[in-house]
Structures are given as structure tokens and as C-alpha cells.
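Please read through the structure below; I'll follow up with questions.
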Amino acid sequence: MSDFVERSLLLQGRLAAHVLGKSQPLRNLAAAEFRVFSQWGEDGIVEWLVSRVPVPNTRFVEFGVENFREANCRFLLENRNWKGLVFDGNKDYMAGLRNERIFWMYDLTANAAFVTAENINALISDAGFGGPLGILSVDIDGNDYWVWKAIDVVDPAIVICEYNAILGDTRAVTVPYDPEFTRFAGHHSGLYFGASIAALKLLAEQKGYAFVGTSSNGINAFFVKKSLAGPVLAQLEEVRAFCSRHRDSRDENARLYFVGGRARFDLIRDCPVIDVATGARLRLGDIEEPYSLEWQRDME
């Protein structure tokens, strides 16, 4: 990304943030979306949240960032001068990031690590980021539920966690824990990973967080510590989770072939999942109806 393009994106984002700051209440969290460095509209959602949540400090931890050019917290780093810790399993991505201008301009730590439930607390603590935290962002396309469940060395005000909308919204399910899980090894389609929104909502409740909504594309869910969530919930007309319409399935030769809608679920219906409410292991296809009526309508 050239310096000119980056400066232009930042300017556009700051203008969008200025306009967004004057708009309230919102229909739902997705109405705050705008994109600068995020994959979708998460930059706007994060900006809206941090302007309303009394975060304990301006620090974030984000993992699963690839080269950090598309990330949930990069706009925070560059627009609000937050301090950050990022991880990715690809050593070349992290080495490249440490050689970029952004790395000396801001207080950013970039470490290469394949994150698991067993090592995540040590990775965060060893980097000096334990304790109170502004934002924790989890996106590893696999053990997201299990890793967030394991984290106990930070106390974030806001948590962002990717969910897999293909798993539906009626059952609290996740892929079984495997510390070596990778998305395309799990199933050639790349559609079998992560946890359902119901599973993340249940885990958030157990950890003391209020669910405040998702991005409109059905990728990231947002949670705010219950003691801090009042001002956010008061400005939302509804708290809603969106289904997804993306069609990034791969065939057995790893080529995109654009399966959409409910057919995505059918591709992975024989894969095992854990119902985190009961602890039972079942086949995904054993779920009688994975999608609520609202999601069924939205996928049509």
C-alpha cells in the first residue's frame, strides 16, 4: 500500500468517523459500518464503540491478522494512536510488518505464533499485555471459541470474535477442539471452522459480556463488558446478529466455486460439532433446523 493511498484512506475514515459521531441512535450496530483497513465495515463499528465505551486504556490485542493490512484494529492504531499487539502464524507476514513504516510510527508489537488454547495466555503475558485492555479481537478461522474461553490474562472492555454463520443461529455449536486445527484441513470447502453465534453469545454471557450486534456481512460479533454496555445498548434500536451471504467455498482442487445459501451447510453437514450448552458431540446435520426464520428469509 503506497503512502498516498494510506493517507487517503485515513482521511476518508476520519471524515466518516466525524459524521458517525453525530448520528444516534442507530437501527443496529451494523449501521455504524465504514471500511478503511478492515475487511468489511468493522472500522466504523469499532470507532462507534470506543467513542461510547469507557475503555480502561487504549491497548488492543488482535490475532489472526495475516499481514495486518486488513484488520479490525489498524484504524484504531493509526487514527487514535492506540498501542497494539498482533499475532499471526505466518512468520513472513510478521517479519514483513516489522519492516513497514507503520511499525516505527506507532507502538505495535508483532509476533509470529500459531495460537492455541494452551499457549494464548503466555503469548499475551510474555508480550506485556496482560491486565486491563481496550479491545480483544479473535479471528483464527478455527478454534476461536476455545481460545477465547481459555483467555484469562486480560480483562478487555470490548471483545470482537469471528463467528461462522454457516453453522446457523439456533444451536450453540463449535468445531471440536484440536490444537492443530486449520480451516482447509478440516474440510476442503473451507466452510467448516469456528463457532455459531449462539455459542459465542453463551460464552460471552459466562464471561460477563453483553452481546451488542454483528457486522452486516455476518462475520464478526461484538461484545461489551456488561458493566460498561449501558450507553451502547441505549443507543441501539435493536441488537441483531446477521446471517452471511459470502460464497468463498472451494472444491476438492482448492478452486472457488461459489456455493451460497443453505447449500453451504449441506457441504459440511457430516462434520462433527460440540454443543457447548450440553457438551454433546453430534453431526452438524443432526441439528433439526440450524437457521431461525429471520436468517432463512435473509438467505433467500
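No lab work stands behind these numbers, since they all come straight from the coordinates. From a predicted model like this one, the values you see are computed outputs, not experimental measurements. Note that we place each Cβ from the backbone using ideal geometry, even for glycine, and neighbour counts take in every protein chain shown.
Just give me the residues in the range 149-169 being assigned to a helix (DSSP H, G or I) and within 18 Å of Ile45 (Cβ to Cβ), in sequence order.
Of everything in the range 149-169, just one residue is assigned to a helix (DSSP H, G or I) and within 18 Å of Ile45 (Cβ to Cβ), namely Ala165.
Can you pull out the residues in the range 93-133 that are of a type in the set (Val, Ile, Thr), within 28 Å of Tyr145 (Cα to Cα) and out of contact with any Phe, Trp or Tyr (no Cβ under 7 Å at 6 or more places or on another chain)?
Hits for the range 93-133 are Thr109, Thr116, Ile120, Ile124.
Name the residues in the range 192-219 that are farther than 13 Å from Trp148 by Cα and buried (at least 24 other Cβ atoms within 10 Å of the Cβ), would you?
Result: Tyr192, Phe193, Ser196, Ile197, Gly213, Thr214, Ser215, Gly218.
Could you please find all residues in the range 108-126 being within 21 Å of Pro179 (Cα to Cα) and of a type in the set (A, V, I, L, M, F, W, C)?
If the condition is that a residue be within 21 Å of Pro179 (Cα to Cα) and of a type in the set (A, V, I, L, M, F, W, C), then Ala112, Ala113, Phe114, Val115, Ala117, Ile120, Ala122, Leu123, Ile124 are the ones that fit.
Evaluate the range 251-264: report whether one residue or more is surrounded by 18 or more Cβ atoms within 10 Å (Cβ to Cβ), of a type in the set (D, E, K, R) and not in a helix (DSSP H, G or I).
no
Per-residue answers, yes or no, for (1) closer than 30 Å to Gln24 by Cα; (2) of a type outside the set (A, V, I, L, M, F, W, C); (3) under 12 Å from the mean Cα position of the chain (by Cα):
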{"position": "Cys161", "(1), (2), (3)": "yes, no, yes"}
{"position": "Thr170", "(1), (2), (3)": "no, yes, no"}
{"position": "Phe184", "(1), (2), (3)": "no, no, no"}
{"position": "Leu200", "(1), (2), (3)": "yes, no, yes"}
{"position": "Val232", "(1), (2), (3)": "yes, no, no"}
{"position": "Ser244", "(1), (2), (3)": "yes, yes, no"}
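Taking Val86 as the residue in question, decide whether it is free of Cβ contacts under 8 Å to residues at least 40 places away in the same chain and not charged (D, E, K, R).
The answer is yes for Val86.
Against the definition (under 22 Å from Phe60 (Cβ atoms), part of a loop (DSSP other than H, G, I, E, B), in contact (Cβ under 8 Å) with a residue 12 or more places away in the chain and among the polar types (S, T, N, Q)), how does Asn121 come out, yes or no?
no
Evaluate the following for His246: is it within 22 Å of Trp40 (Cβ to Cβ), in a loop (DSSP other than H, G, I, E, B) and out of contact with any helix residue (DSSP H, G or I) (no Cβ under 8 Å at 6 or more places or on another chain)?
yes
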